[in-house]
């Protein structure tokens with residue numbers, strides 16, 4: 001018999017107040033998911049390197065066309081404020097100085113999974129889909145495979161494409177291509 | 001396959017800051033249990049009536065200043081837990097705990113009245129009370145018309161459990177008082 005535990009759910013605005021009042025600080029490795037504060041696992045070196053590489057590859061190709069956010073909070077509805085490993089944001093001269101980017105500002109969210117693929121697939125994906133983020137990449141370092149999801153529909157994406165190490169990766173909105181092999185660094 | 005979810009754990013002092021800054025208010029029916037903020041189910045009329053009966057039961061001792069009764073108020077148990085038991089029977093103190101919530105040495109007995117929540121009170125609340133060294137815990141189960149009396153905490157358990165039916169006597173050990181269980185049970 002499992003005992004039912006009813007957790008109190010928090011909104012993004014209360015979550016932001018917690019930062020304002022120092023109840024949460026930037027040292028807390030957390031994100032708001034479905035109204036709950038969850039801890040994020042610390043980055044291993046392989047995970048961190050992959051994010052750096054993605055940042056370099058995307059920055060080179062997108063320069064003035066978009067803003068790249070690395071592990072920054074984005075506000076998705078009233079109950080989610082995740083910190084995706086990489087987000088490609090609509091370009092804005094003020095670099096979102098006064099507010100966190102919202103769902104409408106996001107072209108692409110990327111999660112790099114070292115040990116967390118299942119979490120990124122079953123917890124993160126539905127949140128991105130629900131917020132209508134047009135495209136989501138899950139870079140699975142253990143499987144050396146990238147899961148590319150697009151066309152959100154409810155809490156799912158209608159299309160999933162599996163990209164192997166030798167394949168080309170297509171970033172639909174900007175119509176640009178990347179070599180998957182550039183993302184998987186020799187480890 | 002179950003996906004592992006790692007919840008952020010909060011301390012009682014951060015929890016209290018949330019009240020101070022209005023992030024939590026007294027309208028939130030919540031308690032801090034093992035570092036997580038959990039919601040408490042609203043009282044049904046049967047649950048509420050049983051709490052009134054229990055309050056009456058202890059009122060003579062309150063009048064004689066032998067105990068202080070705390071009804072559905074927070075108690076400080078550790079840096080991870082600040083529950084709100086249905087009743088806490090406290091040591092008498094002129095300050096009535098105005099500056100801080102009662103802590104384990106202040107508590108004779110905690111009581112939970114379970115209408116639908118017996119399993120939660122047994123598997124989540126009990127270990128917390130035992131671990132904090134609360135000497136005695138009563139779980140009044142309205143569905144079975146039975147009171148589970150636990151005493152002598154040991155780790156996250158109580159060494160002794162006694163099941164009290166409607167026709168039995170129930171003992172409040174700290175002050176050596178005995179009551180008829182039928183004064184509490186319907």
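Data table
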| quantity | calculated |
| --- | --- |
| In degrees, nearest ten, helix B:45-63 long axis to first principal axis of chain B (Cα) | 70 |
| Bridge type composition, segment B:41-186 - antiparallel percent by DSSP, nearest 5 | 80 |
| FRET E, pair residue B:95, residue A:4, Förster distance 35 Å, beta-carbon r, rounded to 0.05 | 0.40 |
| When segment B:78-118 is reduced to its Cα atoms, the Kirkwood hydrodynamic radius in Å | 11.7 |
| Rg to Rh, two decimals, where segment B:6-55 supplies the alpha carbon set and Rh follows Kirkwood | 1.10 |
| Three-way shape call for the protein assembly as shown based on the alpha-carbon gyration tensor, with the a/c threshold at 1.5 | prolate |
| Alpha carbon convex hull of segment A:1-86, projected area averaged over orientations, nm² | 8.2 |
| Cubic angstrom per residue, convex hull over Cα atoms of segment A:67-125 | 75 |
| Within chain A, helix-based [θ] at 222 nm, where runs of 4 or more DSSP H residues each add -39,500 (n - 2.57), nearest 500 | -5500 deg cm²/dmol |
| Residue-averaged [θ]222 nm for chain B, counting only DSSP H segments that reach four residues, each worth -39500 (n - 2.57) | -5500 deg cm²/dmol |
| Convex hull volume per residue in cubic angstrom - Cα atoms of segment A:92-181 | 110 |
| Approximate spin-label separation residue B:182-residue B:26, in nm, with each point projected 7 Å along Cα-to-Cβ | 3.9 |
| Quotient of C-alpha Rg and 2.2 N^0.38 Å, computed over chain A | 1.03 |
| Cα-based equivalent ellipsoid, segment B:66-186: semi-axes from gyration tensor eigenvalues, Å | 22, 17, 13 |
| Two-decimal log10 I(q)/I(0) for segment B:45-94, as the Debye equation yields it once each C-alpha is a single scatterer, q = 0.26, 0.27 Å⁻¹ | -0.98, -1.02 |
| Choice from B:128, B:89, B:23 with maximal GNM fluctuation in chain B (Cα, 10 Å cutoff) | B:23 |
| Whole-number D in µm² s⁻¹ for segment B:132-186, Kirkwood Cα-pair radius fed into Stokes-Einstein, 4 °C, 1.567 mPa s | 111 |
| On Cα atoms only, tilt of A:45-62 relative to the major axis of chain A in degrees | 70 |
| Counting all C-alpha pairs of segment A:45-149, share separated by more than 23 Å (%) | 22 |
| Sequence-separation-based contact order of chain B, relative, with Cα cut under 8 Å and 6+ spacing, percent | 14 |
| Within a Gaussian network of chain A (alpha carbon springs, distance under 10 Å), most fluctuating of A:147, A:36, A:161 | A:161 |
| Isotropic mean projected area of the C-alpha convex hull, segment B:1-147 (nm²) | 10.3 |
| Shape metrics for segment B:95-145, restricted to C-alpha atoms - Rg then Dmax, Å | 12.6, 39 |
| Pairwise Cα inverse-distance average, inverted: Kirkwood Rh of segment A:27-71 (Å) | 12.5 |
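Values quoted throughout were computed directly from the atomic coordinates according to the rules given, and no laboratory measurement underlies them. Being a predicted model, the structure only gives us computed values, none of them experimental. FYI the Cβ positions are ideal-geometry reconstructions off the backbone, even for glycines, and counts take in every protein chain you see.
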